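Undergrad: Below are the structure tokens for one structure; questions will follow.
The values are calculated or read from the model by the stated rules, or taken from the named source; none is laboratory data. Note that this is a predicted model, so its numbers are computed, not measured. Virtual Cβ from ideal backbone geometry, glycine too; neighbours counted across all protein chains shown. Surface areas here come from the heavy atoms of the whole protein model, side chains and all, with no ligands, DNA or RNA. Shrake-Rupley method; radii C 1.70, N 1.55, O 1.52, S 1.80 Å.
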Amino acid sequence: MSFTADRLLLFGATGDLAQRMLLPSLFALDADGLLAPDLKIVGTARSSMSDGEYRNFARAALEKYLPAERRGSMAGFLNRLSYQPLDATTLEGYAALAEKVGAPERGLAIFLSTAPSLFEPTIKGLQSAGLTGETVRMCLEKPLGTNLATSREINDAVAGAFPESRIFRIDHYLGKETVQNLLALRFANLMFEPLWNAAHIDHVQITVAETVGLEGRVAFYDDAGAIRDMVQNHMLQLLALVAMEPPAHFDATAVRDEKVKVLRALRGVTSQETVTGQYRAGAIGGQAVPGYDEELGKGSDTETFVAIKAHVDNWRWKGVPFYLRTGKRMPKRVTEIVIQFRCVPHSIFAGKGATMRPNQLVIGIQPEENITLSLMAKVPGLDREGIRLRSVPLNIAMPDAFSGAVRRIAYERLLLDLVEGDQTLFVRRDEVEAQWEWVDAIRAGWAADGLTPKTYTAGSWGPSAAIALAERDGVTWHE
Ligand code: BG6
């Protein structure tokens, strides 16, 4: 049913995500007049707080995390907020929560940003209080399980109370402007699609490099590791968007149908096609940083870096490797997709001494939002000693191309889509399960082969074996 919710209920309302992302995003939407005037936001968490105390808490979070240029008068936004303490594990408090939410005029959107162990009891509690009816949507934040089996348990529990059409699974990478722009680049331009296949593309690289380390998320991260924290969700979503067939429409069913086909076509990966690493003390930007084991306070076999050579086994991508890598404590923060085209089939300039380089398309997702296409051009001159060709970039810096447009954080888009009920940028159950199936098999291979992470120095691009993984195929990681 289509409706714009007039109630938003935030579980985990005092948590890190709420402070850093959800409250600032909702504030920014409100400041731009994008929230319905009657939208009320109810926060809930274990801590005992009055409405006034929660508003103060929210104000402090906004002052801390809102970029200076987005700050403004907060009173109107804070007035939308109220708070109800709740122990989510027992049924007792849910009636009072329902009372606090009140009877929505149009509908309720619930955002669950809590430990996954609370998902099931929360759903039961919501059911007991009549908060799962037809005009209620449920939004789930990762991690949705730690493997296929546990993700199914969560999905089954949620499906017991909500149909898929009312379940919104967040992958915040889908809310990023440049990620959506990938679809525009591919499907709103004529020139790429005819070349977007194994006949013309040599390989694809996807890098998500971070400079941060554990950031205080010790217990969570050590149980997850890079493959489950970043590859299972964000990187596979990027891969699916790069590799999918053109959907017939930009809508939730068409886009997700195409993505899931790609995810199901991922070939199993052998341990030789992966490299894992764990950072040791080093320096980033001239600043000394401790090793993972030091931050953790003990030894661990959790990978903070992973590189994978993947394949999509279908007609379009036959034989095209997709090199994926992600890591903490890399030299710089960068998320980018590199499409490496093949060489021209025949060089008419070979007899004139010119060397050719294949075209390359680099889609910068963050921090720079750039699209760069390298093209061959002739170096100016009279060419008495032969023709010289050089690769030159055709560069679109998105912030310059759209200088008037507001840059929004991913959650602004996703929260608005949730309130309005558009599932296109949310992940469907079959996608999540295909993602887990692939990742579980890789992890099982690591366990069977006794693979443990190699060390790398913080501030480097991971273990040297990751460079070798690509170089064995004559490929150099883009840096
Ligand atoms: C989260 C991971 O999903 O994504 C974090 O749990 C990671 O470990 C973060 O740091 C990266 O997000 P972004 O938007 O900063 O690239």
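Undergrad: The chain: D in µm²/s via Stokes-Einstein (Kirkwood Rh, Cα pairs, 37 °C, 0.692 mPa s)?
TA: 136 µm²/s
Undergrad: With charges set only on the Cβ (+1 for Lys and Arg, -1 for Asp and Glu), what does the dipole of the stretch 263-335 come to about its Cα centre, in debye to the nearest 20?
TA: Working: 12 positive and 7 negative charges, 91 e Å.
My answer is approximately 440 debye.
Undergrad: State the percentage of accessible surface on the stretch 40-132 attributable to carbon and sulfur atoms; use a 1.4 Å probe and exclude ligands, DNA and RNA.
TA: Working: 2210 of 4440 Å².
With neighbouring chains kept in place, the figure for the stretch 40-132 is 50 percent.
Undergrad: Once the convex hull of the C-alpha atoms of the stretch 142-272 is built, how many Å³ does it hold per residue, rounded to a whole number?
TA: 161 Å³
Undergrad: With n ≥ 4 as the cut-off for DSSP H runs, can you work out [θ] at 222 nm for the chain, using -39500 (n - 2.57) per run divided by the number of residues, rounded to the nearest 500?
TA: Rounded to the nearest 500, the figure is -9000 deg cm²/dmol.
Undergrad: Given the C-alpha centroids of the stretch 27-44 and the stretch 283-299, what is the distance between them in whole angstrom?
TA: That distance is 40 Å.
Undergrad: Now, a different point. Would you calculate the separation in nanometres between label points at Thr135 and Phe220, each defined as 7 Å from the Cα along the Cα-to-beta-carbon direction?
TA: 3.3 nm
Undergrad: Where nothing but the Cβ of Lys and Arg (+1) and of Asp and Glu (-1) is charged, how large is the charge dipole of the chain around its Cα centre, in debye to the nearest 20? Write out the running numbers ahead of the final one.
TA: Working: 52 positive and 58 negative charges, 242 e Å.
So the magnitude is around 1160 debye.
Undergrad: Could you list which residues have their amide H under 5 Å from that of Met74, counting only those 5 or more apart in sequence or on another chain, with H placed in the peptide plane?
TA: Result for Met74 returns nothing.
Undergrad: Once phi is turned into θ = phi - 60°, what whole-Hz ³J(HN,Hα) does the Karplus curve with 6.51, -1.76 and 1.60 give for every residue of the stretch 369-386, x standing for Gly and Pro?
TA: 9, 10, 10, 10, 10, 8, 10, 7, 9, 7, 6, x, x, 8, 6, 5, 9, x
Undergrad: Probe of 1.4 angstrom, ligands and nucleic acids ignored: what's the accessible area per residue over the chain, in square angstrom? Walk me through the intermediate numbers first.
TA: Working: 20860 Å² over 479 residues.
Solvent-accessible surface per residue comes out at 44 Å².
Undergrad: Check which residues have an amide H placed less than 5 Å from Gly107's amide H, if you skip close sequence neighbours.
TA: Asp6, Arg7
Undergrad: Still on this structure, please answer the following. Too long at a 28 Å Cα-Cα cut-off: which of Lys176/Lys298; Lys64/Lys142; Lys40/Lys142; Lys309/Lys332; Lys176/Lys328?
TA: In this structure, Lys176/Lys298 exceed 28 Å between Cα atoms.
Undergrad: Over the Cα atoms, compute the radius of gyration (one decimal) and Dmax (the largest Cα-Cα distance, rounded to a whole number) for the stretch 173-241, in Å.
TA: Spelled out, the Cα radius of gyration and Dmax of the stretch 173-241 are 15.8, 48 Å.
Undergrad: Turning to a different aspect of this structure: Estimate the FRET efficiency between Thr89 and Ile348 by the formula 1/(1 + (r/R0)^6), using the beta-carbon distance for r and 60 Å for R0, to the nearest 0.05. The partial results should precede the final answer.
TA: Numbers: r = 72 Å, r/R0 = 1.20.
Once the sixth-power term is evaluated, E becomes 0.25.
Undergrad: Now for a separate question. What do you get for the angle between helix 51-65 and the principal long axis of the chain? Use alpha-carbon atoms, 0 to 90 degrees, nearest ten.
TA: 20 degrees
Undergrad: Give me the distance in nm between label points sitting 7 Å out from Cα along the Cα-to-Cβ direction at Glu99 and Asp32, one decimal.
TA: If labels sit at Glu99 and Asp32, their model points lie 3.8 nm apart.
Undergrad: Another one. Nearest 5 is fine: what % of DSSP beta bridges in the chain come out antiparallel, could you say? Kindly include the intermediate steps, with their values, before the conclusion.
TA: Details: 43 of 76 bridges.
Antiparallel: roughly 55 percent of the beta bridges in the chain.
Undergrad: May I ask you to give the percent of accessible area on the stretch 423-479 that is carbon plus sulfur, with a probe radius of 1.4 Å? Could the numbers behind the result be given before it?
TA: Details: 1190 of 2440 Å².
The computed percentage sits at 49.
Undergrad: Also: For the stretch 369-384 and the stretch 340-355, what is the centre-to-centre distance using only Cα atoms, to the nearest Å?
TA: Each part reduced to its Cα centre gives a spacing of 14 Å.
Undergrad: Can you tell me the FRET efficiency between Val212 and Glu69 if r is taken as the Cβ-Cβ distance and R0 is 35 Å, rounded to the nearest 0.05?
TA: 0.90
Undergrad: Given q = 0.13, 0.23 Å⁻¹, what are the Debye log10 I(q)/I(0) values for the stretch 229-340, with equal point scatterers placed on the Cα positions and solvent ignored?
TA: With no solvent term, the Cα-only Debye profile gives -0.63, -1.30.
Undergrad: Counting only protein heavy atoms and using a 1.4 Å probe, what share of the accessible area of the stretch 143-228 belongs to carbon plus sulfur, as a whole percent?
TA: Carbon plus sulfur share of accessible area: 58 percent.
Undergrad: Moving to a separate point now. So if we plug the beta-carbon distance of Glu164 and Ser117 into 1/(1 + (r/R0)^6) with R0 = 25 Å, what FRET efficiency do we get, rounded to 0.05? Mind dumping the intermediate values first?
TA: Values: r = 23 Å, r/R0 = 0.91.
With R0 = 25 Å, the Cβ-Cβ based efficiency is 0.65.
Undergrad: Starting from the amide H of Leu140, placed 1.01 Å from N in the peptide plane, find each other amide H under 5 Å away whose residue is 5 or more places distant or on another chain.
TA: Leu112, Phe168, Arg169, Ile170
Undergrad: Let me ask something else about it. Give a residue-ordered list of calculated ³J(HN,Hα) values for the stretch 256-261 (Karplus: 6.51 cos²θ - 1.76 cosθ + 1.60, θ = phi - 60°; whole Hz; x for Gly, Pro).
TA: Each residue of the stretch 256-261 in turn: 6, 4, 6, 5, 5, 4 Hz.
Undergrad: Using the basic label-point model (7 angstrom from Cα toward the beta carbon), what is the Met1 to Glu420 distance in nanometres?
TA: Calculated label separation equals 2.1 nm.
Undergrad: What is the ratio of the Cα radius of gyration of the stretch 62-155 to 2.2 N^0.38 Å, with N the residue count, to two decimals?
TA: That works out to 1.30 for the stretch 62-155.
Undergrad: Hey, how many Å between the Cα centroid of the stretch 413-451 and the Cα centroid of the stretch 88-140?
TA: The stretch 413-451 and the stretch 88-140 have Cα centres spaced 24 Å from each other.
Undergrad: Also, quick follow-up: Calculate log10 I(q)/I(0) of the stretch 16-103 for q = 0.22 Å⁻¹, where I(q) comes from the Debye formula with a single equal point scatterer on each Cα and nothing for solvent.
TA: Per q value, in the given order, log10 I(q)/I(0) is -1.10.
Undergrad: Residue-wise, which Karplus ³J(HN,Hα) couplings in Hz belong to the stretch 143-152, taking 6.51 cos²θ - 1.76 cosθ + 1.60, θ = phi - 60°, and x for glycine or proline?
TA: Ordered by residue, 3J(HN,Hα) equals x, 9, x, 10, 6, 4, 4, 6, 5, 5 Hz.
Undergrad: Would you list the P(r) distribution for the stretch 1-159, with all Cα-Cα distances sorted into 5 Å bins from 0 and each bin expressed as a whole %?
TA: With 5 Å bins starting at 0, P(r) equals 2, 9, 18, 21, 21, 15, 9, 4, 1, 0.
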